[in-house]
Amino acid sequence: MAVKYKVLEFANKVSRKKMGSKGAVQPDDPEYRILEPVVSDEMAEVALALEMRRPQSAAEVAARCGKPLAETERLLWELAVAGVCFVNQIDGVDRYWYDTWVPGIMEMMTNNRENVRKYPQIAEAFEAYGRVRGRQTAGAFPPGVGLMRVIPIETAIDGNSRRASYEEVSKYLNENSVFSVSDCSCRTAREVMGEGCGHLKEDMCIQLGHAAEYYIRTGRGRQITREEAFEIIRRAEENGLMHQIPNVDGVGKTHAICNCCGCSCLSLRSAEMFINTDMVRSNYIARVEREKCVACGECVEICPTNAARLGQKICGRTPLVIPPTETPRDNEWGPENWNPDYRTNRKETLETGTSPCKSACPAHIGVQGYIQLAAQGRYRDALELIKNENPFPAVCGRICPRKCESECTRAGIDDPIAIDEIKKFIADQELRADRRYLPRIRHQYDQKIAVIGSGPAGLSCAYYLAVEGYKVTVFEKEKVPGGMLVLGIPSFRLEKDVVRAEIDIIRELGVEFRLGVEVGKDLSLDDLRRQGYQAFYLAVGAQGSRKLGIPGEDASGVIPGVDFVRAINLGEGVTLTGKAVVIGGGNVAMDVARSAVRVGAQSTALFCLESRRQMPALEEEILEAEAEGVEINNGWGPARILTREGRVCGVEFKRCLSVFDAAGRFNPTFDEGETIQVAADSVLVAIGQAVTWGGLLDGSAAVLNPNQTIQADPLTYQTGQADVFAGGDAYSGPKFAIDAIAAGKQAAISIHRFVHPGQSLVIGRSRREFTPLDKSDLDLESYDRMPRQQAGHTRAEKAFRDPRQTFTEEQVRQETARCLGCGATYVDEALCVGCGLCTTRCKFDAISLVRVYDSPGVAFEDLKPVVVRTILKRKVKIAAKKARRALGLQR
């Protein structure tokens, strides 16, 4: 395509370069490429008569460019609409001028929705500008004088740390009278490139004064009141966005307030990609009072630049050394120092690790945080913290496998903290309708989402989508919602009113349940697409039973364990007589055996391949089964079902020599010569569960594994069919409810991104990779021994009621006091931009902003000498550092 030389000349004028000189703008550069699609040479001839930041009337411009006034007026208006120049009515006359590339022309051009839609090159050039030119600014700008500047969240600088009004968002809103709001130009560019981060662009950036007038007149933004502007600021902070302003208008002046995220903002890229934080930082940095910090991770999740990470607080034998981050202030700086993948390589923990409880939990709940909140009697705050990751704390307080407790550091002293019991106490506070915690719904979206299956994965996904603001419908083939929580777990482990109470909260969030509807039979995914559903989450669970594959298993009296428990939970009047034999060694087998005791079996014997130590069932459940009279026989595998006249009369077992091969794979071997025959009136099979799909995937591009689980991306849970996501047991095979709950939340994050154009499913996303600290390095000898609190039991032997009681408040107080407080947040001051978002999430006042710089900023016209001085000082620092290294005085 032919070069538009007048356009190229104007690009050089804005860049203050001479055509043909060293460093001049070339046709491949972003400055030319952003103009090229919409600026003609004729328009550029007029633009060349404009001046930077000096308003001129059309008549003045016409005189300079030699064009007729009417033509000049037309071309000036076209330039203004395109975003190349400002227009304001000053003293009753329209006057025009251009501004810097960034902040200025590039944002304004990207905010022309129609042009960007027609010419994606505009957005691409805007994105490229900072990536290409940003490297040149590394180390060249002192704190506070970059082209953009972070303005702290005002509540974070209340009190002693507040020093200057130019650091307050309210100052700029109160001193202006005209306001507009527009899409975020950075997120628009990312969206056009298919690299959105899930933070959406609409109604994000506020213009003030002359910029607001321009945005309103050219249709880039809509006029708002001051009160609406304050509301946009409040909502942005609630949704985890920080504030920046163009920093080139002079001290205490700006024409816009941007509400930014670290994963799409092209200004913050300076700090994140080039580690050039000084280019955007405020005068503040965040600091943590480690004694107060409980490593809940809320500040880490929200930190836009990944400056906050979880680390270790408990003392170890080896001193904790955190090497300082190198910056361009006093180092030569090149690509080897950059972090180009900053949007996908975010880290949650330091290399030395953090609290083992948070790391081990599949949902990575802030365990240490809610324990300390409970210790302070702040049960509602504790509940809110839990529900950020798990909408079913009351359920999980009863059936969780307690992986957090298995890894608890306290176990190295006496016994692990009774984490699940504490969580159960907290969650039971809201089983009463008048005490429920209902999260705030963040947005109001029109998109309809269908969740297929109402087990823990599906309900979790529905909960987080509803909180985000979507219209969610859950389709469940059974007559009651809850999936395996209601139908697959006996009431003596999980009473159904507990599940119903937590499902009621999901209903209150606006989720619709369509019960007795089997998708794939009563209607198809295509039917739902025609009804306007834009994404689907398949969470059908593993509700079928695996077959034994031995002779006689089709005989009358051989019952799949999952079906047996389901029938009891549905109230179908199940009874057994005589001798019951249960085959299996996992938690479901324990549930089946204990249920058999309760429905009339005179004796119940359980047989499994595994040794007692290898049994997959939790030790607690094994002991409870034995206490109820279940006889457990280890090391036996079924050979055949014995029958008489088509009905079971016994089982023949053979001795299992080993369950796993040398590589740890399940591959049992048997002594065929050692067998026993056991009489049985019924045989209950609980050797695992299977996924059954029916016609749900008919015509779908989704792919199944040989075991009938569905293939999906392990981070995003997207299947081979783009609008279909899957999780829970249907994806992973049978696991625990907490695993399904964690998967449901991650799928909700993906679905939110999927239903909006241009959003990546992975960019700017936490990968939820938490590293536990090294417990072997800890010195725990000095800690006092404190007995673990034990929950009481009611006398409800062999009844379908949960006999386990909840801790008393005094027990909670004593148990929370046993927590060692292993972790804390660490802030890398070299990466912190001083936005204050972290302070809005901390429930312990453990993190605050501290003023360490004192730069009011400078106007663009006064910037050059400041930058030159900084560059010269930097060269001296680098030379001195090299000299010290040469002398062996510095590493």
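The values are calculated or read from the model by the stated rules, or taken from the named source; none is laboratory data. In this text the structure is predicted, and so the values were computed from the model without any measurement. Heads up, the Cβs are rebuilt from the backbone with ideal geometry, glycines too, and the neighbour counts pull from every protein chain shown. Accessible surface is based on the protein model in full, side chains and every heavy atom, while ligands, DNA and RNA are left aside. Shrake-Rupley method; radii C 1.70, N 1.55, O 1.52, S 1.80 Å.
Miscellaneous remarks
- Rg and Dmax over the alpha-carbon atoms of segment 751-891 stand at 27.7, 84 Å.
- Sorting the segments 695-708, 292-305 by their mean number of nearby beta carbons within 10 angstrom, highest to lowest, gives 292-305, 695-708.
- Computed in the context of the full set of protein chains, the accessible area of segment 424-530 at 1.4 Å probe radius has 44% of its extent on carbon or sulfur.
- Taken over the alpha carbons of segment 623-703 as equal point scatterers, the Debye sum produces base-10 log I(q)/I(0) values at 0.18, 0.23, 0.24, 0.27 Å⁻¹ of -0.95, -1.16, -1.20, -1.29.
- Qualifying lysines (Cα of each under 19 Å from Cα of K387; at least 8 residues distant if same chain): K358, K403, K423, K424, K745, K843
- When only alpha carbons are used to place a centre, segment 619-647 and segment 822-891 end up 67 Å from one another.
- All C-alpha to C-alpha distances of the chain, sorted into 10 Å bins beginning at zero, yield P(r) values of 2, 11, 18, 20, 18, 13, 9, 5, 3, 1, 0 percent in whole numbers.
- Measuring with a 1.4 angstrom probe and ignoring ligands and nucleic acids, M108 comes out at about 10 Å² accessible.
- Built amide H within the under 5 Å cut-off of N633, gap 5+: L606, F607, C608
- Ligands, DNA and RNA excluded, the heavy atoms of K448 present near 60 Å² of accessible surface to a 1.4 Å solvent probe.
- Taking 0.36 nm per residue of separation and subtracting the Cα-Cα distance, full extension of the segment from L431 to E572 would add 48.0 nm.
- Portion, in percent, of the accessible area of segment 1-105 that falls on carbon or sulfur, probe 1.4 Å: 50
- Within-12-Å neighbourhood charge of V517 [Cβ basis; K, R +1; D, E -1]: -2
- Note that segment 76-92 has calculated 3J(HN,Hα) couplings of 4, 5, 4, 5, 5, 5, 5, x, 7, 9, 7, 9, 9, 8, 10, 6, x Hz, one per residue in order, obtained from phi through the Karplus relation 6.51 cos²θ - 1.76 cosθ + 1.60 (θ = phi - 60°); glycine and proline are x.
- Extending 7 Å from Cα along the Cβ direction at R74 and again at A663 yields two label points whose distance is 7.6 nm.
- Here the contact order of segment 1-142, divided by its residue count and restricted to Cα pairs under 8 Å and six or more residues apart, works out to 23 percent.
- Centre separation in Å (Cα based) which lies between segment 224-261 and segment 667-717: 55
- In this structure L79 has an accessible area near 0 Å², from a 1.4 Å probe over the protein heavy atoms.
- In terms of its C-alpha gyration tensor, segment 538-668 has a rounded overall shape, because the principal axis ratio a/c (a ≥ b ≥ c, square roots of the eigenvalues) stays below 1.5.
- With a Förster radius of 41 Å applied to the beta-carbon distance between E810 and E769, the computed FRET efficiency rounds to 0.60.
- The residues neighbouring Q89, those whose beta-carbon lies less than 12 Å from its own, together hold a net charge of -1 under the Lys/Arg +1, Asp/Glu -1 convention.
- For the chain, the mean residue ellipticity at 222 nm estimated from helices alone is -9000 deg cm²/dmol, where every DSSP H run of n ≥ 4 contributes -39500 (n - 2.57) and the total is divided by all residues, rounded to the nearest 500.
- Projected-area mean, segment 674-755, by convex hull of Cα positions, square nanometres: 8.5
- Whole-number accessible area per residue in Å² for the chain, which is evaluated in the context of all protein chains at 1.4 Å: 41
- Taking segment 615-742 and dividing mean pair separation by its residue count, relative contact order in percent (alpha carbons under 8 Å, at least six apart): 14
- Percent of beta bridges antiparallel (DSSP, the chain, rounded to nearest 5): 60
- At R0 = 41 Å, FRET efficiency that the Cβ-Cβ distance of D28 and R235 yields, to 0.05: 0.50
- Listed peptides 480-488, 205-213, 647-655, 505-513 by packing density, highest first (mean Cβ within 10 Å): 205-213, 480-488, 647-655, 505-513
- For segment 278-322 and segment 1-46, distance of Cα centres in Å: 45
- Mean separation of Cα contacts under 8 Å (6+ apart) over length of the chain, as relative contact order %: 18
- Carbon and sulfur %, accessible surface of segment 220-267 computed with the full protein complex present, 1.4 Å: 51
- Take each peptide in 182-188, 450-456, count the other Cβ atoms within 10 Å of every residue, and average; sorted highest first, the result is 450-456, 182-188.
- Remark: accessible surface ordering of R402, R530, R818, R33 (largest first) is R530, R33, R402, R818, probe radius 1.4 Å.
- Relative to the current alpha-carbon distance between N633 and K864, full extension at 0.36 nm per residue lengthens the span by 74.8 nm.
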